[in-house]
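Below: the structure, in structure tokens.
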Amino acid sequence: MEQFFQQLLNGLAVGGIYALVALGYTMVYGVLKLINFAHGDLFTIGAYLGLTLLVSCNLSGMLPLPVAVLAVFVMVALLVALIGFLLERAAYRPLRDAGRLSAVVSALGASIFFQNAIMLIYGARVYVYPDFLRPDFTVHLFGMAVPGVRLLVIAASVLLMLGLSAFIQRTRTGAAIRAVAIDPGAARLMGINVDRVISLVFLIGPGLGGAAGLMVGIYYGQIDFTMGWSYGLKAFTAAILGGIGNIPGAMLGGLLLGVIEALAAGYIAIAWKDAIAFLVLILILIIRPTGILGERTADKL
């Protein structure tokens with residue numbers, strides 16, 4: 001039973017990271033009906049920026065470590081959000097009326113550009129987060145010794161997801177995002193600045209992805225320039241699992257995928273965890289082709 005709960009907590013931590021990245025995919029798809037293939041690479045940029053700010057810029061030496069990590073968390077989210085904003089202006093907005101295929105090719109090109117830019121700037125080797133940056137305390141829950149970093153990752157993921165959900169559901173700007181996702185033309189007739197809403201989505205999604213990249217670096221302790229592909233694929237899978245375009249679905253899909261992987265690795269074999277996760281995805285899509293919560297096509301404002 002102890003092993004089960006340990007794997008469950010590990011799955012929730014990894015699933016929270018998947019969910020944060022999946023939110024970027026599902027928000028962009030909701031407003032543009034476009035899969036942002038460069039989103040995984042923005043996640044990677046967040047991991048590298050976090051390491052640079054903490055170590056190379058010596059923020060961890062100038063500030064108390066918890067304060068430094070929190071400050072870098074915010075700075076990484078803002079910097080990656082800015083990169084996402086510029087990406088939309090440069091790669092997607094000029095092609096908005098050119099058809100979906102052109103936008104998809106542009107997204108793939110942006111992904112290749114970001115991945116190679118990271119490799120050229122930082123090199124192709126694996127980077128390791130110093131041990132002193134990783135929380136090493138242990139929390140005892142129900143007789144189990146749980147690594148503190150695992151609980152911190154879960155808590156941060158849940159807080160970010162709840163914050164985004166409250167923003168989307170309870171604010172006028174969130175209502176504007178939902179209106180654009182339902183019908184951009186009607187939203188424009190209602191006086192909503194659709195271009196501004198799309199830019200905001202490209203700020204929020206990459207910001208969450210960048211924060212998730214920093215969390216991966218702190219949680220696992222190492223990063224590489226190709227990690228965006230694997231995490232991006234898992235997050236995209238999570239978005240489909242929950243229902244592409246559905247924000248609660250992306251959260252649920254990410255958490256569920258992480259738990260499935262962790263249980264498969266713990267009870268079957270770590271080499272089979274990806275295969276089992278995708279098998280579950282296939283079975284769910286056979287039963288519910290639109291995902292667990294379904295694709296969001298309409299909402300009451």
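The values are calculated or read from the model by the stated rules, or taken from the named source; none is laboratory data. Every value quoted in this text rests on a predicted model; they were computed, and no experiment measured them. Cβ coordinates were reconstructed from backbone atoms using ideal geometry, including for glycine residues, and neighbour counts include every protein chain displayed. The area values use the complete protein model at the heavy-atom level, side chains included, leaving out ligands, DNA and RNA. Shrake-Rupley method; radii C 1.70, N 1.55, O 1.52, S 1.80 Å.
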Worksheet item: In square angstrom, rounded to the nearest 10, how much accessible surface does Thr171 have for a 1.4 Å probe?
Response: 50 Å²
Discussion item. With only alpha-carbon atoms in the gyration tensor, what are the semi-axes of the equivalent ellipsoid for the chain, in Å, largest first?
Written reply: 30, 24, 19
Worksheet item: Between Val31, Ala179, Val126, whose Cα lies farthest towards the positive end of the dipole of segment 1-287 when Lys and Arg beta carbons carry +1 and Asp and Glu beta carbons carry -1, centred on the Cα centre?
Response: Ala179
Practice prompt. Would you mind calculating the gained length between Ala124 and Phe4 on full extension (0.36 nm times residue separation, minus the Cα-Cα distance), in nm to one decimal?
Written response: 39.5 nm
Fill in: Cβ-Cβ FRET estimate between Leu141 and Ala166, R0 fixed at 35 Å, reported to 0.05
0.80
Worksheet item: R0 = 25 Å: FRET efficiency of Ala186 with Leu78, Cβ-based, nearest 0.05?
Response: 0.20
Discussion item. What does the C-alpha gyration tensor say about the overall shape of segment 125-168? Classify as rounded when a/c is under 1.5, otherwise prolate if a/b is larger than b/c, or oblate.
Written reply: oblate
Practice prompt. Could you work out the Rg to Rh ratio of segment 1-101, with Rh taken as the Kirkwood radius (inverse of the mean 1/r over all Cα pairs)?
Written response: 1.10
Discussion item. Given points 7 Å out from each Cα along the Cα-Cβ axis, report the Gln222 to Leu159 separation in nanometres with one decimal.
Written reply: 2.9 nm
Worksheet item: Relative to the longest principal axis of the chain, what angle (0 to 90°, nearest 10) does the C-alpha long axis of helix 194-220 take?
Response: 10 degrees
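Could you order Lys234, Lys33, Lys273 by accessible surface area, starting with the largest, using a probe radius of 1.4 Å? Could the numbers behind the result be given before it?
On the way: Lys234 25, Lys33 70, Lys273 50 Å².
The residues order as Lys33, Lys273, Lys234, largest area first.
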Worksheet item: Taking the highest mean first, how do the peptides 74-86, 151-163 order by number of other beta carbon atoms within 10 angstrom per residue?
Response: 74-86, 151-163
Item to complete: Can you tell me the relative contact order of segment 1-287? Whole percent, Cα pairs under 8 Å, sequence separation 6 or more.
Response: 41 percent
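Quickly rank 100-111, 253-264 as a protection proxy: mean count of other C-beta atoms within 10 Å, highest first. Before the final figure, lay out the partial values.
On the way: 100-111: 16.1, 253-264: 24.2.
Sorting 100-111, 253-264 by mean packing, highest first, produces 253-264, 100-111.
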Response to the item:
Ranking Ile45, Trp229, Leu189 by how far each Cα lies towards the positive end of the charge dipole of segment 1-287 (+1 on Lys and Arg Cβ, -1 on Asp and Glu Cβ), the top one is Leu189
Practice prompt. Would you mind getting the accessible area per residue of segment 176-239, heavy atoms of the protein chains only, 1.4 Å probe, in Å²?
Written response: 36 Å²
Item to complete: With no solvent and one equal point scatterer per Cα, compute the Debye intensity ratio I(q)/I(0) for segment 89-156 at 0.15 Å⁻¹ and report its log10, rounded to two decimals.
Response: -0.74
